[in-house]
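Below: the structure, in C-alpha cells.
The values are calculated or read from the model by the stated rules, or taken from the named source; none is laboratory data. From a predicted model like this one, the values you see are computed outputs, not experimental measurements. Every residue, glycine among them, receives a Cβ derived from its backbone with ideal geometry; neighbour counts consider all protein chains shown. Heavy atoms of the whole protein, side chains included, go into the accessibility calculation; ligands, DNA and RNA do not. Shrake-Rupley method; radii C 1.70, N 1.55, O 1.52, S 1.80 Å.
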Amino acid sequence: MYQLDATKSTKLAKKLGGPPVFHDGFLRRIILERERAVLEIEILSDVNPRLEKDTVVNLILREVGAFAFEARDFSKERFVIHDLDFRREDEGIRLFLESARGEKGEITFQSIELKEVERT
C-alpha cells in the first residue's frame, strides 16, 4: 500500500517483521527543530496485528530541507491518517501525509528513524 522502504531498516520495523501500517492512526503532534522534524504518531493494533496494543511512535526525519502542512485546529480534532507515503527524489526523501479530512502535509528530508515511545 505504501512505499515504506525508508523505514524497513528501523528497529521498530525489524521488531514487527516489516514496516507498520499508519493508515487510520493518529498524528498526535509535530515537533520542528533546527534540522529535524519529529512526528508523534499513534499506530493502531487492529491494523498492525503484531502489536499487542495501540503504540505511540516517533517518526524522526533528519536534515529537513522543506516543510509544508495544512491542518485544522489540532486541539479540537484528531488528525486521522488516511495516507502516508515516502518517495525518493533528487533532493532526498519526501514524505506525503494526508488526513481523513483531506488535509495534506509534505516534508523533504535526508534520513529517517522510527522509534517506539517508552511509556512512563
Quick one: pull the percent of accessible area on the chain belonging to carbon and sulfur, 1.4 Å probe, ligands and nucleic acids left out.
44 percent
With r defined as the distance between the Cβ atoms of Glu89 and Leu32 and R0 fixed at 22 Å, what FRET efficiency is calculated, to the nearest 0.05?
0.60
Suppose only helical runs count, i.e. DSSP H with n ≥ 4. What mean residue ellipticity at 222 nm does that imply for the chain under -39500 (n - 2.57) per run, divided by all residues and rounded to the nearest 500 deg cm²/dmol?
-1000 deg cm²/dmol
Report ³J(HN,Hα) in whole Hz for each residue of region 91-102, in order, from the Karplus equation J = 6.51 cos²θ - 1.76 cosθ + 1.60 where θ = phi - 60°; Gly and Pro get x.
8, x, 9, 10, 9, 10, 9, 10, 8, 5, 8, x
Could you tell me whether region 9-120 comes out rounded, prolate or oblate from its Cα gyration tensor? Rule is a ≥ b ≥ c as square roots of the eigenvalues, rounded for a/c under 1.5, then prolate if a/b exceeds b/c, otherwise oblate.
oblate
Which entries of Lys15/Lys53; Lys11/Lys104; Lys14/Lys115 have Cα-Cα distances beyond 19 Å here?
Lys11/Lys104
The chain: relative contact order in percent, alpha carbon pairs under 8 Å with at least 6 residues between
28 percent
Please work out whether region 37-100 counts as rounded, prolate or oblate from its C-alpha gyration tensor, where a ≥ b ≥ c are the square roots of the eigenvalues and a/c under 1.5 means rounded, while otherwise a/b larger than b/c means prolate and anything else oblate?
oblate
Could you do me a favour and compute the accessible area per residue for the chain, 1.4 Å probe, result in Å²?
60 Å²
